[in-house]
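Just dropping this structure here.
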Amino acid sequence: MKTQQFILFLAFLLFLAGNGSYAQNYKMPVPSIDATGKITDAKGKHIGWVTSDGIIKDAAGVKIAHIDDAGNAIDAITGKTSGKAAKNGTYLYHVKSGAIDSLTVSIPMNGICEVKDTSGKTVLLVHENYKQYGACAMHCLQMKSAHKDMKMK
């Protein structure tokens, strides 16, 4: 009888271990902006900063863009508008072909907002202090790190 109980217990334990080994991390790694304005990519590498004034800097501290009073994202080198950061956190960036894409920001949950693309995929986690600048900052830094031209209108 004890042998049967032991075998039954062992089978149950193996069943639990098998199910636990298939557990997946429900949080996909995405870029983020923390409460200090530090911007990290999906791998956790520091790629830049955003200040509460709307100034966007790369990891070396070089200013690459800023958000003006009207919410326009202005490239620091060319002075051209690369998009618009609305008060609600939605960021519209301009594509050379004239089409406009957008990133939307969710309501803060525990101080963190999710920035989502048009298909609903989370592309960035932003501290609520930087909600209005987050999507813009991430877009600018990703374009710079990929050595691509900023999308200007």
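Out of the residues in the range 87-104 that are of a type in the set (A, V, I, L, M) and either within 16 Å of LEU124 (Cβ to Cβ) or surrounded by 14 or more Cβ atoms within 10 Å (Cβ to Cβ) (or both), which is modelled with the highest pLDDT?
Ranking the candidates gives LEU103 first.
If you take the residues in the range 60-81 that are part of a strand (DSSP E or B) and closer than 21 Å to THR40 by Cα, which one is modelled with the highest pLDDT? Working first, answer last.
Our first condition is that a residue be part of a strand (DSSP E or B); within the range 60-81, this holds for 63-67, 72-75, 81.
Then keep just the ones that are closer than 21 Å to THR40 by Cα; that gives 63-67, 73, 75.
On the way: LYS63: 91, ILE64: 88, ALA65: 86, HIS66: 86, ILE67: 83, ALA73: 82, ASP75: 84.
This residue is LYS63.
Just for the range 3-49: of the residues that are charged (D, E, K, R) and at pLDDT 80 or above, which one is nearest to GLY61 (Cα to Cα)?
Going through the qualifying residues, I end up with LYS38.
Can you pull out the residues in the range 52-75 that are free of Cβ contacts under 8 Å to residues at least 24 places away in the same chain and surrounded by fewer than 15 Cβ atoms within 10 Å (Cβ to Cβ)?
Our first condition is that a residue be free of Cβ contacts under 8 Å to residues at least 24 places away in the same chain; within the range 52-75, this holds for 53, 55, 57, 59-63, 66, 68-70, 72, 74.
Passing the criteria: ASP53, ALA60, GLY61, VAL62, LYS63, ASP68, ASP69, ALA70.
Suppose the filter is buried (at least 16 other Cβ atoms within 10 Å of the Cβ), part of a strand (DSSP E or B), at pLDDT below 80 and charged (D, E, K, R); does LYS144 pass it?
no
The values are calculated or read from the model by the stated rules, or taken from the named source; none is laboratory data. What you see is a predicted model, and the numbers here were worked out from it, not measured in a lab. Neighbour counts run over all protein chains shown; Cβ positions are idealised from the backbone, glycine included.
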